[in-house]
1. For GLY337, only one of the following conditions fails: (1) of a type in the set (Gly, Ala, Ser); (2) under 30 Å from ASP160 (Cα atoms); (3) open to solvent by 10 Å² or more (accessible area, probe 1.4 Å). What is its number?
2. May I ask you to list the residues in segment 134-146 that are touching a strand residue (DSSP E or B) at 6+ places or on another chain (Cβ under 6 Å) and in contact (Cβ under 8 Å) with a residue 40 or more places away in the chain?
3. Which of the residues spanning segment 17-32 are at pLDDT 80 or above and in a loop (DSSP other than H, G, I, E, B)?
4. Of everything in segment 307-333, what is within 22 Å of PHE40 (Cβ to Cβ) and in a strand (DSSP E or B)? Give them in sequence order.
5. Can you tell me which residues in segment 1-16 are more than 27 Å from the chain's Cα centre (by Cα) and either in a loop (DSSP other than H, G, I, E, B) or closer than 13 Å to LYS368 by Cα (or both)?
6. Go through (1) of a type outside the set (D, E, K, R); (2) in a loop (DSSP other than H, G, I, E, B); (3) within 26 Å of THR139 (Cα to Cα); (4) open to solvent by 10 Å² or more (accessible area, probe 1.4 Å) and name the single condition GLY224 misses.
7. Can you find, within segment 33-75, the residue that is most open to solvent (accessible area, probe 1.4 Å) among those that are under 26 Å from GLN268 (Cα atoms) and in a loop (DSSP other than H, G, I, E, B)?
8. Identify, from the list PRO144, PRO165, the residue that is at pLDDT 95 or above, open to solvent by 40 Å² or more (accessible area, probe 1.4 Å), farther than 20 Å from ASP238 by Cβ and not basic (Lys, Arg).
Amino acid sequence: MSRPVQARRLEGIDKNIWVEFVKLAATYSTVNLGQGFPDFPPPDFLKEAFSRAVSGEKHTLHQYTRAFGHPPLVKILAQLFGKLLGRELDPMTNVMVTVGAYQALFCCFQAFIEEGDEVIIIEPFFDCYEPMVKMAGGTPVYIPLRPKAPKEGKLMSSADWQLDPAELASKFSEQTKAIVLNSPNNPLGKVFSRGELELIADLCVKHDALCISDEVYEWLVYDGKEHIRIASLPGMWDRTVIVGSAGKTFSITGWKVGWTVGPNRLLQHLRTVHQNSVYHCATAAQDAVAQGFQRELERYGKPDSYFVQLPRELQQKRDQLIQSLVAVGMKPIIPEGTYFLVADISEFKSEVPDVPDSDEPYDSRFAKWMVKNKVNLPEDATLKAADDILQRWKLEKAAP
């Protein structure tokens, strides 16, 4: 064919960093630390629930269920988030199940954004926000989290990265349709404070803007931090869609079960997109996730809750990774949440060869260089040498 076959909305969004780096990791047999999935199994109670769903007598679990969410799942989600938000939720109108949080985000942008609309995106951000906004016809407007330099000898924390209030206010205009909030943030690990959320909320109310609140890492917060849901703040319930993920909540990323929570005036439009695209999510997986949430609701806040145990285990792994990065000369930024960690790699610039006539960023070139040339882990002795720095950081965090 002589004429273009692709729609204009696909121009410039065809490349995907995950596709590229998953292939690189497989080619060079390295550990893939880029894509967000665990290297450990999900909890036994969830595997058992899934096994019961697919091998039990209830043959209906192999067939279609309600298009907008399996009734047991939307009911337990309404119970849990009603408790967390301090309001009564209707499971049939305030909750919608999606094929992972990715589809939930896609439904939001397709339902709310059109040509002429601006969407504020906080940097650094999860990579899909930008192409999804563009595909819907909108224009991304970027606002960076700006770092404050730590005191000499201290490691930087994700809490040191903050929004400038005046700069954020300047990004809102008559064209602003929505802001995307991701807390805890991927990839920085920042957990937004109540004051920061109130700043965002005030501007949303003032400019009558929506908030798409990506909270998939809501249970993965460390060092006693608290995850605050922006929808619980004054004036925000009616303009917020919460996006959640069973993949991140229960370490089952391959099941692809996500959800949205929000007012019916917003979710009704997401349902229109959902019913005219994916339409339905896997019944057995939804049923198993419902059982998992029922268990967690009964154990909410107790020591045997998975929501209590998982962040405790991941915090230990975070600290070990910090040791490793310090040992090889990087300067990690300590994440308050998620299972991602960003590090300053400027010390390695002299080792990474330049690529003539290339506009590829240094961090991308560095990651590829690491994959191809540095596949061995540091020796234990080197890790122990870095332990002093880590312990000093812990003492600094504990100091009043």
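1. (3)
2. LEU145
3. TYR28
4. Listed by number, the list holds a single entry, PRO332.
5. Selection gives MET1, SER2, ARG3, PRO4, VAL5, GLN6, ALA7.
6. Condition not satisfied by GLY224: (3).
7. So, considering only residues that are under 26 Å from GLN268 (Cα atoms) and in a loop (DSSP other than H, G, I, E, B), the one most open to solvent (accessible area, probe 1.4 Å) is TYR64.
8. PRO165
The values are calculated or read from the model by the stated rules, or taken from the named source; none is laboratory data. Predicted model, so just to flag it, every value in this text is computed and none were measured. Positions of Cβ are backbone-derived with ideal geometry, glycine not excepted, and every protein chain shown enters the neighbour counts. Side chains are part of the model used for accessible areas, which takes the heavy atoms of the whole protein and leaves out ligands, DNA and RNA. Shrake-Rupley method; radii C 1.70, N 1.55, O 1.52, S 1.80 Å.
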